[in-house]
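Right, one structure below, let's go through it.
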Amino acid sequence: MRITLLLSALLSFLLVCPVVAQQTFNYGQDVTLPAVGPLGADHATVAVNSYGDSFVAYHSLFGTGRHMVEGMGIFAIGNGQFQTGSTAHFALGNQTLNVLGDDTCIKPDVVALSDDSFVVSWSRLDKSGQNPARIEMCRVIMRDGSGAALAAPQIIAPQAGVGYVIDANFDATDSGGMVDLVDLEDGSVAAIYAHQTSRVVDSQTSNTWREYDLRLTRIDWNLDPSDPNFAAAPIALVNDIAFDNPGNHVPRGGQILPDVVLDDNANIVVAYEEFWLNGHGGVSGSNLGRVVVKRFEGFQSATPLMEMNSNFFTRNPSRSQRRPNLSASRFDNQNSVSLTWGHDEIWFLADKIVSRQIHYQPSGAVVQNLYWKNHALYEDSLPAVAHGANISRFTLATRAFANSNALIVARSLQLDMIEIPTAVDFPLRPATALLEEDNGSGGIDQFLFTTYEGANTENPIDFSIHLVIHRVP
């Protein structure tokens, strides 16, 4: 779930609003979110409920390699206005509590449930490596049973700064353990994340060969968290996923990086990375880098999690394909999802963006291109995609110019690209949630809730999280 969009007519001005005790803002205003960690914030994700309330989850740097997971609630108060403030800001995963020892809490995801609450999940790692990593989760309630907004968001967690443990024993190691969530539309959510099963360094080449399981855990928020059935035992949805690196080319960031959505029939669609080096496991052959998208039957099926489709995507099979992002809509008149990812170039070649649509049909999956025009000289990276009603498809990514970055959105219907004004010179890593509403006149109203990180410098310790809410004309 992640992007941003606004046509030039709505971009003639940009208001930058740092959050104070209470802040009210409108469509198109750029709001800077606070951070407890003093050394910069990044990796934001955003979700929106049917009222237009949103919740942003991110992590901030609290010390060398030590992060804190934070969250910010934003209430929709009507007439195109939104409100947030200090009472809506929380430290969800607090590394200073030393739950595992030398803690770091990283890379959260957030999803809105059908009852309009939110669920946030993150990884807690022990930097010393003495304890296994774990996945934690909390719930955020912003409205009561009648739909009235609460005075402040309510965090449902076992204690402040610690979430409910949904997997107490997984090996994040090199992957970073980035979790992704999907609402299963029955009061439960599924969490998907990479569990490292092996790591071998070849003595001759110094290549590192790794294998992962893609784990899935189902959490039932219809039950009290004390119920033993609240969090199901994790299962391996996919086994033996390779992600290697040559000795002279250490991979950047996390690995495997799953993303998950539901299709129109509540089947589970998962994308992840795979990169296999010649010699891995003693098998000789060509290097292989690709993004894999698999569809599994949903939990309502008689055969839940049975694989239905597999699609494989690459631009250059000898290089790694990075950071897949999925999006889907129930208003698109077909059972399809959109996919984007980045292609990791080397030497003097600029990184590239690729976007596709996968249309699931009874006879199989049909793949179509979505519009993005890469620049010949400048890096295009960190893409996100929004899949909206009918044939609305948007890809957003960062383009790195010589002395600044730009956020650019590509519209597949119009076959054009628009540069989006930002509050800082070096925006990075957009994320989005798309709210779609039937307007009662035969049309769909669309609202894009977008976050990005950045500053007026390229130093991550200066980065803040920004939120902009756009009404798509």
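The values are calculated or read from the model by the stated rules, or taken from the named source; none is laboratory data. These numbers were taken from a predicted model, which means no experiment stands behind them. Cβ: placed from backbone, ideal geometry, glycine included. Neighbour counts: every protein chain shown. For accessibility, only protein heavy atoms count, side chains too; no ligands or nucleic acids. Shrake-Rupley method; radii C 1.70, N 1.55, O 1.52, S 1.80 Å.
Regarding segment 288-369, what is the average projected area of its C-alpha convex hull, in nm²? Kindly include the intermediate steps, with their values, before the conclusion.
On the way: hull surface 25.9 nm².
It is 6.5 nm².
Residues in segment 445-473 near a label at Leu413, defined as backbone nitrogen under 11 Å from the 7 Å Cα→Cβ point?
445-446, 473
For Lys294, which aspartates and glutamates qualify as cross-link partners when the Cα separation must be under 16 Å and same-chain residues fewer than eight apart are set aside?
Within reach: Asp180, Asp213, Asp240, Asp259, Asp263, Asp264, Glu273, Glu274, Glu307.
Once the Cβ-Cβ distance between Ala160 and Ser363 is put in as r, and R0 is 51 Å, what FRET efficiency do you end up with, to the nearest 0.05?
Values: r = 52 Å, r/R0 = 1.03.
Efficiency computed from Cβ-Cβ geometry: 0.45.
Work out the charge dipole of segment 179-321 with +1 on the Cβ of Lys and Arg and -1 on the Cβ of Asp and Glu about the Cα centre, then indicate which of Leu288, Ser203, Leu184 is farthest towards its positive end.
So the residue we want is Ser203.
Show the residues, 5+ positions off or on another chain, whose built amide H is closer than 5 Å to the amide H of Asn309.
Sorted by chain and number, the residues that satisfy this are Arg295.
Evaluate Rg over Rh across the chain, taking Cα atoms for both radii and Kirkwood's formula for Rh. Spell out each step's value before the answer.
Numbers: Rg = 21.0 Å, Rh = 22.4 Å.
Looking at the chain, the ratio lands at 0.94.
Scaled to the compact-protein estimate 2.2 N^0.38 Å, what is the alpha-carbon radius of gyration of segment 262-401, rounded to two decimal places?
My calculation over the Cα atoms of segment 262-401 gives 1.13.
Explain nothing, just the number: dipole magnitude of segment 341-415 about its Cα centre with +1 on each Lys and Arg Cβ and -1 on each Asp and Glu Cβ, in debye rounded to the nearest 20.
Values: 6 positive and 5 negative charges, 67 e Å.
Charge dipole, segment 341-415, about its Cα centre: 320 debye, nearest 20.
Among Gly147, Ala242, Asn309, whose Cα sits farthest toward the positive end of the charge dipole of the chain (+1 at Cβ of Lys/Arg, -1 at Cβ of Asp/Glu, about the Cα centre)?
Toward the positive end, the furthest listed residue is Ala242.
Compute the FRET efficiency between Gln22 and Ala232 as 1/(1 + (r/R0)^6), taking r as their Cβ-Cβ distance and R0 = 41 Å, and round to the nearest 0.05. Present the calculation step by step, with values, prior to reporting the outcome.
Working: r = 40 Å, r/R0 = 0.97.
Efficiency, from the Cβ-Cβ distance: 0.55.
Which lysines, if any, have their Cα less than 16 Å from the Cα of Lys373, not counting same-chain residues under 8 positions apart?
Within reach: Lys352.
In debye, nearest 20: dipole of the chain around its Cα centre with unit charges on the Cβ of K, R (+) and D, E (-)? Spell out each step's value before the answer.
Details: 29 positive and 50 negative charges, 166 e Å.
About 800 debye.
I want the local charge near Ala266. Using Cβ-Cβ distances under 14 Å, sum +1 for each Lys or Arg and -1 for each Asp or Glu among the other residues.
On the way: positive: Arg218, Arg295, Arg330; negative: Asp183, Glu185, Asp186, Asp263, Asp264, Glu297.
Value of the local net charge: -3.
Give me the log10 of I(q) over I(0) for segment 71-228 at q = 0.08 Å⁻¹, as the Debye formula computes it from C-alpha points; what are the numbers?
Once normalised to I(0) and log-transformed, intensities are -0.28.
Work out the length of the dipole vector of segment 199-357 about its Cα centre, built from +1 on the beta-carbon of each Lys and Arg and -1 on the beta-carbon of each Asp and Glu, and round it to the nearest 20 debye.
Working: 15 positive and 19 negative charges, 103 e Å.
The dipole magnitude comes to about 500 debye.
In whole Hz, what ³J(HN,Hα) sequence does segment 353-363 give by Karplus (6.51, -1.76, 1.60; θ = phi - 60°), x for Gly and Pro?
10, 10, 9, 9, 10, 10, 9, 7, 10, x, 7
Using amide H atoms built 1.01 Å from N in the peptide plane, name the residues 5+ places from Asp53, or on other chains, whose amide H lies under 5 Å from its own.
Ala76
Going 7 Å from the Cα of Glu458 along its beta-carbon direction, which residues of segment 25-67 have the amide nitrogen within less than 20 Å of the resulting point?
Within reach of a label on Glu458, which here means backbone N under 20 Å from a point 7 Å along Cα→Cβ, segment 25-67 contributes 40-43.
Mind checking which lysines have their Cα closer than 27 Å to the Cα of Lys127? Skip sequence neighbours fewer than 8 apart in that chain.
Lys107
Ser301 versus Lys127, label points 7 Å from Cα toward the beta carbon: distance in nm?
4.3
Please give the contour-minus-distance gain from Ala402 to Gln81: 0.36 nm per residue of separation, less the Cα-Cα distance, rounded to one decimal in nm. Don't skip to the end; give the middle numbers.
Details: separation 321, 0.36 × 321 = 115.56 nm, distance 3.66 nm.
Contour length minus the Cα-Cα distance gives 111.9 nm.
For the chain, what is the accessible area per residue in Å², given a 1.4 Å probe and the full set of protein chains? Present the calculation step by step, with values, prior to reporting the outcome.
Values: 18370 Å² over 473 residues.
Per residue, the chain has 39 Å² of solvent-accessible surface.
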